[in-house]
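Here the structure is laid out as structure tokens; the discussion comes afterwards.
The values are calculated or read from the model by the stated rules, or taken from the named source; none is laboratory data. None of the values given here were measured: they were computed from a predicted structure. Quick reminder, even Gly has a Cβ in these numbers, built from the backbone with ideal geometry, and neighbours come from all protein chains shown.
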Amino acid sequence: MANKPDDEFAMTFLLQPVKNDEPALAGAPMIGAAQKLLAYLAEHDAIGLTKGKAFQRKFVHWAAAEFDWPGWEEDKLFLVDKVLNEYDFPPLEALHFVLLKLKLIRHYKLTCRLTKAGREVAGKSGDLFNLMAPFWLFEIDHAASSRMPEPRLGNWDVFLGVLNTEAANGVTCGALREILYGPPDAGQPYDRTPGMIWSQVLQPLCWMGLLAETMSDDRQHFAERVYTTTSLWSEAFLFPLDGQVGLVTLH
């Protein structure tokens, strides 16, 4: 099992406010989807909920078409299911949770409605990012959403410091695994660590538009996928020790 990064290697970063007119926000899937969901509520007043408080299928189908979420496009979703429930569209499920926790939407009986705070930021992509990014990245336990129990890898300071250096020109998840934790055990039949790095670090950053993922196809192993920092990364993150961050192997 992979060791957790040690605090002694912490690298300080600052998450800076992003302006509403920042062009790089157009590449942030979660922000674009949030704007569309809030705009839908502003126009239609409510979204129907199931008894389990998930979005009803009618809205899930609308979101699948409108969000055009990378890797979760409408045609790919309907290849698996003829009808879509909220849990069949994980990005929507995550967005629903985040907007509810941030009190930008609320549940009233079996409907979802826009709050005053949600109405105020509905058309402001920078304000949405500044609210959503710190909560989505640093306050949610992304390990909890794994199908198999997995430990929390911890320490965003180390992850972001290494990515700031290594992902500027593109880095594979496998290379990150070796930088952070050393090479996998040769006697281990399957190395779960790249998958954990992907689910707890890389995917959350991609969904917020801070990393771009390049892969040959949807079945490519996590270790072989390439991750590159986006223009939004440099707008959102400030590393006071930029240029002084050395590579560390944590094992």
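Residues in the stretch 171-188 that are assigned to a loop (DSSP other than H, G, I, E, B) and in contact (Cβ under 8 Å) with a residue 40 or more places away in the chain: G182 alone. Looking across K124, K116, K36, one residue alone is more than 23 Å from the chain's Cα centre (by Cα) and not hydrophobic (A, V, I, L, M, F, W, C). It is K116.
Taken together, the residues in the stretch 189-229 that are without any contact (Cβ under 8 Å) to a residue 24 or more places away in the chain and of a type in the set (K, R) amount to 1.
Which one of A143, A168, A117 is of a type outside the set (K, R) and without any contact (Cβ under 8 Å) to a residue 40 or more places away in the chain? When all the criteria are applied, what remains is A117. Selection of first residues in the stretch 3-31 that are assigned to a loop (DSSP other than H, G, I, E, B) and of second residues that are modelled with pLDDT of 95 or more and of a type in the set (D, E), restricted to Cβ pairs under 7 Å at least 6 apart or on distinct chains, gives the following pairs, ordered by first then second residue: V18/E235; N20/D127; E22/E235.
Among the candidates A63, A54, single out the residue that is over 19 Å from the mean Cα position of the chain (by Cα), at pLDDT 95 or above and more than 30 Å from P240 (Cβ to Cβ).
Details: A63 fails: over 19 Å from the mean Cα position of the chain (by Cα).
It is A54.
May I ask you to verify whether T111 is of a type in the set (S, T, N, Q) and in contact (Cβ under 8 Å) with a residue 24 or more places away in the chain? Yes; evaluated as a whole, the condition is true for this residue. Listed by first and then second residue, the pairs linking a residue in the stretch 40-60 that is assigned to a loop (DSSP other than H, G, I, E, B) to a residue that is among the hydroxyl-bearing types (S, T, Y), with Cβ atoms under 9 Å apart and 6 or more places separating them unless they lie on different chains, are D45/T111; A46/Y108; A46/T111; A54/Y87; Q56/T50. Out of contact with any Gly (no Cβ under 7 Å at 6 or more places or on another chain), on the phi < 0 side of the Ramachandran plot and of a type in the set (A, V, I, L, M), is that true of L110? Spelling it out, it is not the case that L110 is out of contact with any Gly (no Cβ under 7 Å at 6 or more places or on another chain), on the phi < 0 side of the Ramachandran plot and of a type in the set (A, V, I, L, M). From L137, L128, grab the single residue that is buried (at least 21 other Cβ atoms within 10 Å of the Cβ) and either among the β-branched types (V, I, T) or assigned to a helix (DSSP H, G or I) (or both). Going through L137, L128 in turn, just one is buried (at least 21 other Cβ atoms within 10 Å of the Cβ) and either among the β-branched types (V, I, T) or assigned to a helix (DSSP H, G or I) (or both): L128. Tell me, which residue of the stretch 189-217 that is modelled with pLDDT of 95 or more and in a loop (DSSP other than H, G, I, E, B) is nearest to the chain's Cα centre (by Cα)? Among them, the one singled out is M208. Among what's in the stretch 220-233 and is at pLDDT 95 or above and outside any loop (DSSP other than H, G, I, E, B), pick the residue that is farthest from M30 (Cα to Cα). Only one residue tops the list, namely V226.
Applying the set (1) in contact with a Leu (Cβ under 6 Å, 6 or more places away or on another chain); (2) crowded, with 17+ Cβ neighbours inside 10 Å to L110 leaves exactly one unmet item: (2). Would you be able to say whether some residue in the stretch 24-34 is surrounded by fewer than 21 Cβ atoms within 10 Å (Cβ to Cβ) and farther than 20 Å from P204 by Cβ? Among the residues of the stretch 24-34, not one is surrounded by fewer than 21 Cβ atoms within 10 Å (Cβ to Cβ) and farther than 20 Å from P204 by Cβ, which makes the answer no.
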